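The values are calculated or read from the model by the stated rules, or taken from the named source; none is laboratory data. Because the structure is predicted, anything quoted here is derived from the model rather than measured. Don't worry about glycine lacking a Cβ; one is built from the backbone with ideal geometry, like all the others, and counts go over all protein chains shown. Ligands, DNA and RNA are stripped out before the accessible areas are found, and what is left, the full protein with its side chains, is counted by its heavy atoms. Shrake-Rupley method; radii C 1.70, N 1.55, O 1.52, S 1.80 Å.
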Amino acid sequence: MNETIATILKRRSVRAYRPDPVGQPELDLMLEAARHAPSAMNQQPWHFTVIRNPELLGKLEEHCKSAFLESKVEALREVALQEGFSVFYHAPMLVIISGDPEAIAAQYDCTLAMENMLLAATSLGIGSCWTHAVMMLHATEKGKAIFRELGIAFPEGHQPYAAAAFGYPAEPWPETPPKNADCVTIME
């Protein structure tokens, strides 16, 4: 099997991290991979906000957890009530990709960039976990105010479309969960 396919098949959501920071050379490679993602008409509408400050991550996490507790979605409320629940799983780094909503396909472009980051991280032995909590919080006026209060700014007019936690796994790499094989239609 070639190395690219092996990396894609190995990628998992990691939900327990060591406190060791992700090194700058590894982060640079992950960001380079993200910037090489496809984008509609090559608009590249993205901006990458990397949060490595533990105090800032902790504050953002508490606000995201509060958003879960206030959610209309019962499953989010239930998970937020679990003892020891951590929205970012104690990862030492969070990356938020924001984009210009006026771009042709900003949401998709930013999501493709994040997938490239997730795969690059896997290839470097770095775990990752997509989190929608950031976008959920930012979608409210209260959440936008919290982002301003915390000093987490995006370029003028941008909004977050993708976010993921990154770090070195604290446990063995997760096993492959069952995958739905009955999801393909081939029309010849």
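See the values below:
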quantity: Accessible area of the chain belonging to carbon and sulfur atoms, whole % at 1.4 Å probe; calculated: 54
quantity: Long-range amide H partners of residue 162 with built H, under 5 Å; calculated: 97
quantity: Listed residues 55, 32, 115, most fluctuating in the chain (Gaussian network, C-alpha, under 10 Å); calculated: 55
quantity: Mean residue ellipticity (222 nm) of the chain, computed from DSSP H runs ≥ 4 via -39,500 (n - 2.57), nearest 500; calculated: -12500 deg cm²/dmol
quantity: Loop trypsin sites (Lys or Arg not before Pro), the stretch 61-169 (other Cβ atoms within 10 Å of the site Cβ: 15 or fewer; DSSP); calculated: 72
quantity: Charge context of residue 101, other residues only, Cβ under 13 angstrom, K/R +1, D/E -1; calculated: -4
quantity: Cα-based Lys pair tally, the chain, threshold under 15 Å, eight or more apart or on separate chains; calculated: 4
quantity: Solvent-accessible heavy-atom area per residue, rounded to whole Å², over the chain at 1.4 Å; calculated: 58
quantity: P(r) weight above 17 Å for the stretch 98-188, C-alpha pairs, percent; calculated: 64
quantity: Compactness index (Cα Rg / 2.2 N^0.38 Å), the chain; calculated: 1.06
quantity: Candidate residues 97, 8: accessible-area rank, largest first, probe 1.4 Å; calculated: 8, 97
quantity: Among 40-46, 81-87, 132-138, the order from most to least packed when residues are scored by Cβ within 10 Å on average; calculated: 132-138, 40-46, 81-87
quantity: The stretch 35-136: Rg to Rh, with Rh as the Kirkwood radius over Cα pairs; calculated: 1.01
quantity: Rounded to whole Hz, the Karplus (6.51, -1.76, 1.60) HN-Hα couplings of the stretch 122-133, x for glycine and proline; calculated: 4, 5, 9, x, 9, x, 8, 8, 4, 9, 8, 4
quantity: Residue-by-residue Karplus 3J(HN,Hα) for the stretch 146-157, coefficients 6.51, -1.76, 1.60, Hz, glycine and proline x; calculated: 5, 4, 4, 4, 7, x, 8, 10, 10, x, 3, x
